[in-house]
Every structure is written in C-alpha cells, then in structure tokens.
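Input: a single structure, listed below in structure tokens.
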Amino acid sequence: MADMSSVKGLLILLVGSSLVSNVVLSQFLGLCPFLGVSKKIKTAAGMGAAVIFVITLASAVAGVVYKFILVPLNITYLQTIVFILVIAALVQFVEMFLKKAMPSLYKALGVYLPLITTNCAVLGVALTNVQKNYGIGTGILNGFATALGFTIAIVILAGLREKMEYNNVPKPFKGMPTVLLTAGLMAIAFCGFSGLL
C-alpha cells in the first residue's frame with residue numbers, strides 16, 4: 001500500500017480509486033443509477049456531478065463523525081447505521097440548500113438527489129475509508145476519486161447507449177441485454193488500468 005502522506009501516494013490513491021478500482025465496474029456498487037440514468041449524456045453528467053458532490057461531502061462528514069464521535073464513545077460497531085443516517089440527512093440538507101439558494105441547479109439535479117440517498121456507492125466509500133484507516137483528508141480524496149470514477153463510467157456508458165440507438169441491433173439484444181453486455185465490456189476494459197499501479 002502506498003504512503004498516503006506523500007504526493008505520489010495521494011496520486012496513486014486518486015488513480016486507483018477512480019480507474020483501477022472503479023466503484024461501478026470492479027466493485028459493482030451503484031449499479032442501479034449506473035444502468036437507470038445512463039440513457040442520455042446530459043442526465044448521466046448531472047447524476048455524476050451530484051454524486052461527486054454528495055460522496056465527497058459524505059466522506060468528510062462520515063470521517064469526522066467516526067473519528068470524533070464513534071471512536072471516543074467506543075461505539076464503532078454502529079458505523080453502518082450511523083453512516084446511513086448521516087448520508088440521508090446530508091442529502092436532505094443539500095436538497096434544501098439547493099432549493100433555497102440555487103433554484104436553477106436544484107431543478108437540474110432535483111430528480112437525482114433523492115436517488116443518491118439510496119446509492120450504495122456512497123455508503124461503500126464511507127465504509128472503505130474506515131476499513132482502510134484513512135484520515136479525514138485522505139478519506140475525502142478517496143471519496144472524490146471514487147465519485148469521479150463513477151462519473152467517468154456513467155458518462156461513457158451514456159455516450160455508448162446514445163450511439164447504439166442508431167445501430168441495427170438484433171431484436172433479442174435490444175434494450176437492457178445490450179446495456180449489460182456493454183457494461184461488461186467496459187469492466188474488462190477498465191481492468192487494463194490495473195497495469196498503471
């Protein structure tokens with residue numbers, strides 16, 4: 001494992017979390033929005049932006065809650081329940097803030113914000129940060145990199161799905177079978193990034 005205090009170690013974490021250990025294509029977390037919201041590039045990019053914001057913020061808040069509340073009180077066994085509550089509350093606060101402060105952004109992302117509450121990738125990142133003993137700063141970077149990897153994957157899939165609409169696909173493969181085959185081929189392609197580290 002790389003030393004997380006060095007710039008090289010942080011760069012390895014950034015590349016590793018976003019490309020090599022892609023949350024969707026190698027860990028299979030967040031598949032519901034990945035398959036459901038990837039019909040158009042615009043909606044996929046909106047979902048990706050919302051996921052980047054929420055996962056990065058959730059990583060920070062979960063790290064602080066874990067370090068300053070759960071560990072001192074010796075109740076780390078409650079981490080999963082606490083993280084679920086933190087993520088749900090955080091998404092609600094973000095939704096209320098955007099609705100009040102930035103109505104145009106709220107309208108663009110409003111549909112996607114409730115979906116993020118049930119996105120298991122958000123909880124997966126918080127639990128990974130704890131399991132790997134990342135500090136708060138490193139956990140935030142890991143959260144950002146993981147969300148960036150999710151965004152890259154969903155936008156690529158959306159682009160491929162838009163192109164496939166104009167292809168002559170055999171009837172049995174139309175729709176979800178082709179999407180699943182494409183996602184599988186993307187997962188194989190992303191395995192090629194493992195040679196980077």
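Derivation of every value follows stated rules applied to the coordinates shown; laboratory data play no part. Predicted model, so just to flag it, every value in this text is computed and none were measured. Neighbour counts are summed over all protein chains in view; Cβ atoms, including those assigned to glycine, are modelled from backbone coordinates with ideal geometry.
Quick notes
- Residue-by-residue Karplus 3J(HN,Hα) for the stretch 35-50, coefficients 6.51, -1.76, 1.60, Hz, glycine and proline x: 7, x, 10, 9, 7, 10, 4, 4, 5, 5, 5, x, 5, x, 5, 5
- Between helix 79-101 and the chain: long-axis angle, C-alpha atoms, 0 to 90°, nearest 10: 70 degrees
- Pairs exceeding 24 Å between alpha-carbon atoms, taken from LYS39/LYS107; LYS67/LYS100; LYS42/LYS99; LYS40/LYS174: LYS67/LYS100.
- Cβ-Cβ FRET estimate between LEU78 and LYS132, R0 fixed at 22 Å, reported to 0.05: 0.70
- Around GLN79: net Lys/Arg minus Asp/Glu count, Cβ-Cβ under 14 Å: +2
- Helical mean residue ellipticity (222 nm; -39500 (n - 2.57) per DSSP H run of 4+; nearest 500) of the chain: -22000 deg cm²/dmol
- Sequence ranges 38-45, 51-58, 146-153, ranked by mean other-Cβ count within 10 angstrom, highest first: 146-153, 51-58, 38-45
- Global form of the stretch 42-93, assessed from the alpha-carbon gyration tensor, a/c cut-off 1.5: prolate
- Packing-based ranking of 91-97, 170-176 yields 91-97, 170-176, ordered from highest to lowest mean Cβ neighbour count within 10 Å.
- For the chain, the relative contact order is 41 percent, taking Cα pairs closer than 8 Å that sit 6 or more residues apart in sequence and dividing their mean separation by the residue count.
- The distance separating the Cα centre of the stretch 146-194 from that of the stretch 1-68 comes to 19 Å.
- Anisotropy class of the chain from Cα gyration tensor, a/c 1.5 cut: oblate
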